[in-house]
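Just so you know, all these numbers are worked out from the coordinates, no wet-lab data involved. This structure is a prediction, so every number in the text was calculated from the model and none was measured. Glycine gets a Cβ as well: all are built from the backbone with ideal geometry, and neighbour counts include every protein chain shown.
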Ligand SMILES: [Zn+2]
Ligand SMILES: [Zn+2]
């Protein structure tokens, strides 16, 4: 069939919205008609090369929609089911899945290769095979994805809001409550209030943290953080340090989440200075693949038992956490509508990324 998709043909190029060919689903795959796709920063990483991926590629990895066709042998979902697409597939059988670490599933290695899990391509354009970001390619009216990347959700959940839970919301929430292990009465600092950071702030509130300190240089993002549950805001790490030192009487935070646009080695030292004894620095933002150096006070690292933890998808288990987060949304505890700053048509995907880079969006959303 024919569909319209945003394709990236090379480094530092614009997304090209064009008609492409889409093959039907093969075994263990489903075709999804997209309702909406979030504009997550990680697709910008494809443009800059911070996430290396073969070109051409259909972008987008944060989406939700309706299953319109299932491939041979698929029993987990059926035509008409509403699904969120997880940016990481989970096979359910590998050593990591068996231990409840589905975010680290072995098939996850395929998310930046391009083709589907069997090594063949579903999208074709201009006589070439076209890969899919995270096996998904949600910048397309229709896509074919592994059933291992789908999470069936209740029909009454609005799919445009549910789209955000496929990456950013779950990542931010999990960074705080799973990787960061924030519990009632704790103090958490969130550095960078984009789609992930805004969800991390909410996680701090939902988990019962006594102080949630949001750090962002952009005033409107600090205001948004306060609406979502930040008890205090700061424009930079130095200002946050003064606030946290005072609030905690020098004990500092239990966790500091780095949810900036890109992770830099230089962010680690200020984040470490914001956490106290046995405090966790959670690195959720993605660093450059060749970044090898971080600054850290080794003396304090040992004597205060500070920890630096990487966080992929917020250490979440999508099949459990995504329906659970949508229940929190239904109960009014987790805010999703407020995260969507602007909506775009697929044709305007580049404008959406311009707005993101200029700091104008918590989350931009493509609505189909
Ligand atoms: Zn993402
Ligand atoms: Zn697995």
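Any chance you could check the Cα centroid distance between the stretch 294-368 and the stretch 209-283 for me, in angstrom? Between the Cα centres of the stretch 294-368 and the stretch 209-283 lies a distance of 16 Å. By other beta-carbon atoms within 10 Å, ranking 254, 43, 156 with the fewest at the front produces 156, 254, 43. As a length-normalised measure over Cα pairs under 8 Å and 6 or more apart, the relative contact order of the stretch 1-107 settles at 23 percent. Highest mean first, the peptides 290-296, 321-327, 338-344, 303-309 sorted by other C-beta atoms within 10 Å per residue fall in the order 321-327, 338-344, 303-309, 290-296.
For the chain, the longest principal axis of the Cα atoms and the long axis of helix 219-228 meet at an angle of about 90 degrees. The stretch 95-204 has equivalent-ellipsoid semi-axes of 31, 17, 14 Å, by the square roots of 5 times the alpha carbon gyration tensor eigenvalues, sorted largest first.
Computed over all pairs of different Cα atoms, the Kirkwood value for the hydrodynamic radius of the chain is 20.5 Å. The fewest-to-most ranking of 191, 31 by surrounding Cβ atoms within 10 Å reads 31, 191. Taking 7 Å steps out from each Cα toward its Cβ at residue 2 and residue 347 produces label points 1.6 nm apart. State whether the stretch 66-127 is rounded, prolate or oblate according to the following rule on the C-alpha gyration tensor (a ≥ b ≥ c being the square roots of its eigenvalues): a/c under 1.5 gives rounded; otherwise a/b larger than b/c gives prolate, and the remaining case gives oblate. Oblate, since a/c reaches 1.5 and b/c is not below a/b.
What FRET efficiency would be calculated for the residue pair residue 264, residue 99, taking the C-beta separation as r and a Förster radius of 30 Å, to the nearest 0.05?
Calculated transfer efficiency: 0.45.
For the chain, averaging the sequence separation of C-alpha pairs within contact (under 8 Å, six or more residues apart) and dividing by the residue count gives a relative contact order of 17 percent. Among beta bridges identified by DSSP and lying wholly in the stretch 123-239, the antiparallel ones come to about 25 percent. Shape of the stretch 27-181 from its Cα gyration tensor (a ≥ b ≥ c, root eigenvalues): rounded if a/c is under 1.5, otherwise prolate when a/b > b/c, or oblate? Because its axes are fairly even, with a/c under 1.5, the stretch 27-181 counts as rounded. Ordering 94, 40, 167 from the fewest to the most neighbouring beta carbons within 10 Å gives 94, 40, 167. Cα axis of helix 237-247 to longest principal axis of the chain: angle in degrees, 0 to 90, nearest 10? With both axes taken from Cα atoms, the answer is about 60 degrees. By how many nm would the segment from residue 79 to residue 288 lengthen if fully extended, with 0.36 nm per residue of separation less the alpha-carbon distance? Once the chain is fully extended between residue 79 and residue 288, it gains 71.2 nm. Legend: calculated FRET efficiency, residue 129 to residue 239, from the Cβ-Cβ distance at R0 = 56 Å, rounded to 0.05, equals 0.65. Counted over the chain, the DSSP beta bridges are approximately 55% antiparallel.
Suppose only helical runs count, i.e. DSSP H with n ≥ 4. What mean residue ellipticity at 222 nm does that imply for the chain under -39500 (n - 2.57) per run, divided by all residues and rounded to the nearest 500 deg cm²/dmol?
-7000 deg cm²/dmol
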